[in-house]
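Take a look at the structure set out below.
The values are calculated or read from the model by the stated rules, or taken from the named source; none is laboratory data. Predicted model, so just to flag it, every value in this text is computed and none were measured. Cβ coordinates were reconstructed from backbone atoms using ideal geometry, including for glycine residues, and neighbour counts include every protein chain displayed.
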Amino acid sequence: MRFPEFTGEWKLVQLSQIADFVGGGTPSSSNASFWNGSIPWISSSDIKDGNIYDISITRFITKEAIDKSTTKLCPAPVILLVSRVGVGKVALSNKKLCTSQDFCNLINIKCNPNFLAYDLVRTMKQKSREAQGTSIKGVTSYEIQKIRFWLPEKKKEQDKIATFLSLLDHRIATQNKIIEKYESLIKGIGNKLFSFKMRFKTNDGNDFPSWKTKSFENIGKTFSGLSGKAKEDFGIGKPYIQYKQVFDTPQIQIQNCGLVNVLDSENQNNVKYGDILFTVSSETPDEIGMSSVLLDEVDEMYLNSFCFGYRLSSFEVLNPLYASYFFRDSSFRNKVVKIAQGSTRYNISKSEFIKLKISLPCIEEQARIASFLSAVDEKIKEEKEILALYLIQKNHLLRQMVI
């Protein structure tokens, strides 16, 4: 794919022919004065995948730090290639900076640096796949210098391709910000709703009744996940909800279920619509007791052994959709964290969990809250679908426009 106004040839070029290479290093962290300067310094974690302009600069060093370490000051523009930890990431900086030893940096670039950075995105992804499973050495500077690529002879064509792809990247960045805004909105409003700082009105403008305190012991009962299963039982059979499904999202996505072989003679608990599922173990207390609600009608489905379920006695007390938002909010999460037990790995017991008390609005107000938060959730899904389309378009154009 080419812009119609260009017809000239593209030439095959080796990377070492059109740029100089500079490595990096890390000044001593024990010398605080090294880290009190004005010269940007980045590590591989400061480079984000997916956008060559997305660089997070939070650390600054002094000239003395450069003089007394192996890091180098790279003049702008500089293409940053992560060749070790985080291998495969590519970024372009229009500011001079220093990097850690995980980078191989291109300076004094003799073509459009934006065009070259976009071309290297695909090449470095391939290099990262080749480096999977190898030691920390990643991709050597020598290997990178030997990379060959096709370069339009006319710089105007390089410029136009780079500008086009850059505009698409900026649109993707804007789309990400839109999603972040909605995610922040749903979190912020949800927190206000669940902590009584914001209340809905009835249809005729009156206040809903006061919230009532309920005990888990009185509105439902817990049940266990799968038991007595061996490794060979998984991969075939009936659908079961996996730990990650519960941990990742407030509402179970049943299309992501695993399979488990369950005999008719076994006494295993099935999950049902409206069941609230909780994780029982985590490496940190802040991640313990993550919840997800099953909002689909299912015939036969099970729950993994690292979670437990909570089944409501009546949906007239707690709306399942409302529950999916409420149990993920910090107002409830803080209560769960307090009952976490452990040192290297944390757990919660069902006997302690069932003693927790929660404040609930009337079922009509629950429905109003759930409907509002669900509408924002749907908007987030729509925006994520738009983002996915932009990313597909970008990958297609990279394959077609950069040989």
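Before we move on, is Lys187 in a helix (DSSP H, G or I), out of contact with any Pro (no Cβ under 7 Å at 6 or more places or on another chain) and among the basic types (Lys, Arg)? Here the answer is yes, as Lys187 does meet what is asked. Among the residues of region 300-313, is there at least one that is of a type in the set (S, T, N, Q), farther than 26 Å from Tyr346 by Cβ and out of contact with any strand residue (DSSP E or B) (no Cβ under 7 Å at 6 or more places or on another chain)? No, there is no match, as no residue in region 300-313 is of a type in the set (S, T, N, Q), farther than 26 Å from Tyr346 by Cβ and out of contact with any strand residue (DSSP E or B) (no Cβ under 7 Å at 6 or more places or on another chain). The single condition among (1) assigned to a loop (DSSP other than H, G, I, E, B); (2) under 24 Å from Arg328 (Cβ atoms) that Gly205 does not meet is (2).
If you go through region 154-184 and keep only what is basic (Lys, Arg), part of a helix (DSSP H, G or I) and in contact (Cβ under 8 Å) with a residue 24 or more places away in the chain, you end up with Lys155, Lys156, Lys160, Arg171. Checking each residue in region 263-292 for being outside any loop (DSSP other than H, G, I, E, B) and among the aliphatic types (A, V, I, L, M) picks out Ile276, Leu277. Inspection of region 244-262 finds a residue satisfying the criterion of being outside any strand (DSSP E or B) and more than 24 Å from the chain's Cα centre (by Cα). When Thr202 is tested against the conditions (1) in contact (Cβ under 8 Å) with a residue 60 or more places away in the chain; (2) within 29 Å of Cys307 (Cα to Cα), the lone failure is (2).
Just one of the listed residues (Ile52, Ile57) is within 30 Å of His170 (Cβ to Cβ), in a loop (DSSP other than H, G, I, E, B) and touching a Pro at 6+ places or on another chain (Cβ under 6 Å), namely Ile57. Here Ile339 meets each of (1) more than 19 Å from Ser291 (Cα to Cα); (2) among the β-branched types (Val, Ile, Thr); (3) assigned by TED's automatic domain parsing to the domain that holds Phe315 with one exception, condition (1).
Among the conditions (1) surrounded by 13 or more Cβ atoms within 10 Å (Cβ to Cβ); (2) part of a helix (DSSP H, G or I), Arg199 misses just one, which is (2). Residues in region 318-328 that are within 14 Å of Ser292 (Cβ to Cβ) and either in a loop (DSSP other than H, G, I, E, B) or among the hydrophobic types (A, V, I, L, M, F, W, C) (or both): Leu321, Ala323, Phe326, Phe327, Arg328. Could you tell me whether Gln242 is outside the structural domain of Ser374 (by TED's automatic domain parsing) and free of Cβ contacts under 8 Å to residues at least 60 places away in the same chain? In short, no.
Within region 370-403, the set of residues being surrounded by 16 or more Cβ atoms within 10 Å (Cβ to Cβ) and not in a helix (DSSP H, G or I) comprises just one member, Val402. Residues that are within 31 Å of the chain's Cα centre (by Cα), farther than 27 Å from Pro113 by Cβ and not in a loop (DSSP other than H, G, I, E, B) within region 19-40 comprise just one, Trp35. Taking strands (runs of 3 or more DSSP E) as the structural unit, no element lying wholly within region 65-110 holds at least 1 residues that are among the basic types (Lys, Arg), closer than 21 Å to Phe34 by Cβ and touching a residue at least 40 places away in the same chain (Cβ under 8 Å).
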